[in-house]
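The values are calculated or read from the model by the stated rules, or taken from the named source; none is laboratory data. Just so you know, these numbers come straight off a predicted model, no measurement behind them. Backbone-built Cβ (ideal geometry, glycine too); neighbour counts: all protein chains shown.
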Amino acid sequence: MWRFDFYNTKIDFMRWRKLAMGWSITVVLIALGSLLIQGMNLGLDFTGGTVIEVQYPQPVEIPKVREALATAGFGDAQTQHFGTSRDVLIRIPPREAQSNAAALSNSVLSALQSAEGGAGATLARAEFVGPQVGEELVEQGGLAALGALAGILVYVMFRFEWRLAVGTIAATVHDVVFTIGWFSLFQLDFDLTVLAAVLAVIGYSVNDTVVVLDRIRENFRKRRKGSTQEIMNLSINETLSRTTMTSFVTLLSVIVMYFFGGTVMHGFSIAMIVGIVVGTYSSIYIASATALYLGVSREDLLPRAKEAADESP
Amino acid sequence: MSTPHTLNQYPWWKYLLIGLVMLWGLIFALPNLFGEDPAVQISGARANIAIDAAFQEKVAALLDTDKLLHKRLELEGDRLLIRFADPEDQLKAADILKDRLGRDYIVALNLASSTPGFLRAMGLSPMYLGLDLRGGVHFLMQVDMDATIKQIEEGYVDEIRGRLRNDKIQYTSVGRAAGGGVQVEFKDSAERDKAMDLLHKDLPNLQQTEPGPSSLKLTLSEREIKEKRDFALQQNITTLRNRVNELGVAEPIIQQQGSDRIVVQLPGVQDTARAKEILGATATLEFRLADEENDWNQAASTGRPPINSRLYKDRHGRPVLLQKRVMLTGDAIVDASSGLDSQSGGPAVFITLDGKGAKRMDDATKDNIGKRMAVVFIENKTETKRVDGELKKTAYTVEEVINIATIRDRLGRRFQITGLDSTREARDLALLLRAGALVSPIEIIEERTIGPSAGKENIAQGFQAAFISFLVIGAFMTWRYKWFGMIANTALAANVVLIIAALSMLQATLTLPGIAGIVLTMGMAVDANVLIYERIREELRNGTSPQAAIHAGFHRAFDTILDSNMTTLIAAIMLFGFGTGPIKGFAVTLSIGIVTSMFTAVTGSRALVNLFYGGRKLQKLSV
């Protein structure tokens, strides 16, 4: 029976590390380029403004909704179907006078209800975010991401060794840039739940990396022979099955969330899916390859007491 | 190394411990099984309104006469809860009860947990659902602290002027300094020094500096500013709480967030416009005498009112000329209620003043019977504009004469305002007045409304995703790891129970992202099992005996599991610190899920494995 096992594989991962690094650097550059040129399609949470979700008793055409909105003075509103043809999502950019913006949802709804075919339309959700809140969120979100990275760096340094810690962080940053870049490249809506997913990706991406690092450390201690490169290859091959399997199981739950969790969770699920896939690749390649470039060796990973003995002439 | 027979056996106390933890989990998770009843909650509008057995009987009689179907009535402390079988009965009953009971009672719609009494008596309750799951309105409000300090300084300007005048110290001007503080200019330095001694004695809180030879600057100390800010925030919270009570919301949340913000969550409220009218506007009142000597229209057309008067407009835009001197301000008002004027039959607002206010009112009106008095309604509004990419906030006030009436008598503690357009207007005005005039302008900076059907849909989809995810993971684990997979699934189910129990116990808010956190931890919880099982398989391939392989698998994988969970926990904690609302819900379930999964996936599944395989002679493992 096919069990998609990766047992007894002998792939020379490190031989391709230059290619992998080159590929990763290219992808990261594309992501950063997209961020610089296109920027993010930031959601309401960050830009401020108003989002209104209206549910009609029967299917409704978008041009009619637009017309009704334009006559009511909301010509700058963006309108689209949301999930079904009965649900309409309306976005209105931040207004000059904020006190009016806060009362906007009610006037929009009454404008739609009084328009032709709008009777029975109900408000499913309305959100208004003031511009100052958005600015703070961007700042706090960035701080939280940096804080998470710093915390993980310290933890991995404490548990392993600084070169491996740097490798781990390089892999994690790679995953975060890739995920955010994905949202920028395809101009997907980047809202607060997506930011939460990105932070979860930071935590999760390290999971797989730690599995590989643990095995590298174990093999360095167990085997007296073999170059750093060989040990790394061996460790990655040995852990390949569990690295892919753990990612796969988590991926399953996130994919289910994408299909069954409702539209609100779409952005979150996409970010997690991208982050987990990329995180698995970077755990195998980026983390170990970076540590290898930084010159990690057997001596660095031996238990402390022994290390001291080795260093004495 | 020990022999295979003693391997993989837990001492009895470990099983007992796991059993106890699971028992705890089941008990705390239990209330979530019972669902909720649509209910109507009745409480007193004021403290002196008794909600007791007699009242319960009265309500029961009311329900019976109107043939309103209901499940039962429950008296809970100072509120009465009426449960219904379906929401339609609930809405009908609420409307009728509101009508019959009048304004002494607050009738609110509620969802009451149907948890049986004996569980509630044990202090158990179901998870607390966030607004995105139950529907309602969320407001984030910001108190304008600059305006608060400005108001306080203006108060000092008046006070200093009065004190200097009393002591006959000659000053040329008193006013707020541009950069904050109060600046006083004197004729010469001798007068200033006299003033410094006096103010040092009378107003020791103010710090004195001398910007010029004949001028004095007084500033609030850091401590006083902090105190005033805290006070302003607390007063706003109290006021908002009163106003929310007026709105009739069952389980409102009014909380401080940060140093100058207030979160208001109103579950079940749909009419945001009305909620905002009542919550958002801050109103003050000023009572002023009308200027009877000058021509109002002439003053309006020239735009230059006489020196002792100020020009206002009434609600129809007509000019009103009032004396500059304020008789009384809104903060003297103790209570205000609306009703019908016994003489005219029109809507009226009845006002009660505090002792000091009553005396001032009495002094001001005793010589002015027959003259007219106006009530000026002052609304503080704030708007934020983006000017050249910078956020500029401007506060402005709208002043309007809402009523002008002849003083018929000496006014004391109680008097009334008439001439209002409708009973609703009378009610809203009374409401704003009773809640007390706010000292600081407040601005809504975030608002989220979730309709009740959208909330239900979110719950349904969230649970559907969790359920399907459980099935898919369970099927996969069983297929790949056979019996060991089933053990992992059992541990996973136990993990979900523990998460629900922990959320119920902590009464942490469950949000839609929170459900996402549960789904995610389900995937991550079996990760631990995958790590262990893959390790067992590896050991078996290396020729280790089954018992030793199990032992090694659990033992060696533990470090890895700990490390990987710790890093995710670090990210979750960062998320918690930064997050607001729904995101915090995600961080909470993720953190709880990580901790409980460590227990169930490692200790729990180990216990099951030991129970089935421990101490037996095994040829093969079903992994």
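Each row is one residue, and each column tells you yes or no for (1) in the same structural domain as B:I487 (by TED's automatic domain parsing); (2) farther than 25 Å from A:A200 by Cα; (3) surrounded by 21 or more Cβ atoms within 10 Å (Cβ to Cβ); (4) not hydrophobic (A, V, I, L, M, F, W, C).
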position	(1), (2), (3), (4)
B:I583	yes, no, yes, no
B:F586	yes, no, yes, no
B:T589	yes, no, yes, yes
B:G593	yes, no, yes, yes
B:A601	yes, no, yes, no
B:S605	yes, yes, yes, yes
B:V609	yes, yes, yes, no
B:K620	no, yes, no, yes
B:V623	no, yes, yes, no
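For region B:537-575, a residue qualifies if it is within 9 Å of chain A (Cβ to nearest Cβ) and of a type in the set (D, E), and the qualifying residues are B:E538, B:D559, B:D563. Given the condition among the charged types (D, E, K, R), crowded, with 19+ Cβ neighbours inside 10 Å and more than 9 Å from every other protein chain (Cβ to nearest Cβ), answer yes or no: does some residue in region A:235-245 qualify? No, region A:235-245 has no match at all.
For region B:87-192, which fully contained strands (runs of 3 or more DSSP E) count at least 3 residues that are over 30 Å from the mean Cα position of the chain (by Cα)? Quick ask: steps written out before the conclusion?
Working: elements: B:105-113, B:136-143, B:171-176, B:182-186.
The strands (runs of 3 or more DSSP E) meeting that bar are B:171-176, B:182-186.
A:F128 fulfils the conditions (1) more than 10 Å from chain B (Cβ to nearest Cβ); (2) touching a helix residue (DSSP H, G or I) at 6+ places or on another chain (Cβ under 8 Å); (3) of a type in the set (F, W, Y) except for a single criterion, (1).
State all residues of region B:404-414 that are under 17 Å from B:F377 (Cα atoms) and crowded, with 17+ Cβ neighbours inside 10 Å; if no residue qualifies, say none.
To start, the set of residues in region B:404-414 that are under 17 Å from B:F377 (Cα atoms) comprises B:404-405.
Across region B:404-414, the qualifying residue is only B:I404.
Among the residues of region B:61-86, those identified as exposed (fewer than 15 other Cβ atoms within 10 Å of the Cβ) and in a helix (DSSP H, G or I) are B:A61, B:D64, B:T65. Within region A:248-274, the residues that satisfy the criterion of being modelled with pLDDT of 90 or more, surrounded by fewer than 24 Cβ atoms within 10 Å (Cβ to Cβ) and not aliphatic (A, V, I, L, M) are A:F248, A:Y258, A:F259, A:F260, A:H266, A:G267.
Assess whether A:I169 counts as being within 26 Å of the chain's Cα centre (by Cα), in a helix (DSSP H, G or I), under 30 Å from A:L42 (Cβ atoms) and of a type in the set (V, I, T).
So A:I169 passes the test.
When you scan region A:223-231, do you find a residue that is in a helix (DSSP H, G or I) and closer than 17 Å to B:G523 by Cβ, even just one?
As a first pass, look at region A:223-231 and keep what is in a helix (DSSP H, G or I): A:228-231.
From what is left, the residues that are closer than 17 Å to B:G523 by Cβ are none.
Within region A:223-231, not a single residue is in a helix (DSSP H, G or I) and closer than 17 Å to B:G523 by Cβ.
The requirement of being assigned to a helix (DSSP H, G or I), modelled with pLDDT of 90 or more and polar (S, T, N, Q) is fulfilled nowhere in region A:207-215; no residue meets it.
All of B:L73, B:L124 fail the test of being among the aliphatic types (A, V, I, L, M) and either within 14 Å of chain A (Cβ to nearest Cβ) or without any contact (Cβ under 8 Å) to a residue 40 or more places away in the chain (or both), apart from B:L73.
For B:V21, indicate whether it is at pLDDT 85 or above and not assigned by TED's automatic domain parsing to the domain that holds B:P87. Before the answer, list the steps.
Numbers: at pLDDT 85 or above: yes; not assigned by TED's automatic domain parsing to the domain that holds B:P87: yes.
The answer is yes for B:V21.
Okay, residues lined up against (1) farther than 25 Å from B:W479 by Cβ; (2) of a type outside the set (S, T, Y):
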position	(1), (2)
A:K222	yes, yes
A:S227	yes, no
A:T243	no, no
A:F248	no, yes
A:V256	no, yes
A:I270	yes, yes
A:S288	yes, no
A:Y293	yes, no
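Of the residues making up region B:477-496, those that are buried (at least 18 other Cβ atoms within 10 Å of the Cβ) and not hydroxyl-bearing (S, T, Y) are B:M477, B:R480, B:F484, B:G485, B:I487, B:A488, B:N489, B:A491, B:L492, B:A494, B:N495, B:V496. In region A:247-274, of all residues being in contact (Cβ under 8 Å) with a residue 24 or more places away in the chain, of a type in the set (V, I, T) and closer than 25 Å to A:M40 by Cα, the one that is farthest from the other protein chains (Cβ to nearest Cβ) corresponds to A:V274. Listed by first and then second residue, the pairs linking a residue in region A:163-180 that is assigned by TED's automatic domain parsing to the domain that holds A:L213 and over 20 Å from A:A197 (Cβ atoms) to a residue that is assigned to a helix (DSSP H, G or I) and acidic (D, E), with Cβ atoms under 8 Å apart and 6 or more places separating them unless they lie on different chains, are A:R163/A:D300. Would you say A:L137 is among the hydrophobic types (A, V, I, L, M, F, W, C), surrounded by fewer than 19 Cβ atoms within 10 Å (Cβ to Cβ) and farther than 30 Å from A:L302 by Cα? So A:L137 does not fit the description; no.
Of the residues making up region B:371-383, at least one is acidic (D, E), in a strand (DSSP E or B), buried (at least 17 other Cβ atoms within 10 Å of the Cβ) and modelled with pLDDT under 70.
Residue by residue, here is whether (1) out of contact with any Pro (no Cβ under 9 Å at 6 or more places or on another chain); (2) modelled with pLDDT under 80; (3) acidic (D, E); (4) within 17 Å of B:M373 (Cβ to Cβ) holds:
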{"position": "B:L289", "(1), (2), (3), (4)": "yes, no, no, yes"}
{"position": "B:R304", "(1), (2), (3), (4)": "yes, no, no, no"}
{"position": "B:V320", "(1), (2), (3), (4)": "yes, no, no, yes"}
{"position": "B:G330", "(1), (2), (3), (4)": "yes, yes, no, yes"}
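No other residue among A:E218, A:E230 is at pLDDT 85 or above, surrounded by fewer than 23 Cβ atoms within 10 Å (Cβ to Cβ) and more than 12 Å from chain B (Cβ to nearest Cβ) apart from A:E230. Being more than 30 Å from B:G615 (Cα to Cα), surrounded by 17 or more Cβ atoms within 10 Å (Cβ to Cβ) and at pLDDT 85 or above is a description that does not apply to B:F34. Considering each residue of region B:579-592 in turn, none proves to be away from chain A (no Cβ under 11 Å) and small (G, A, S).
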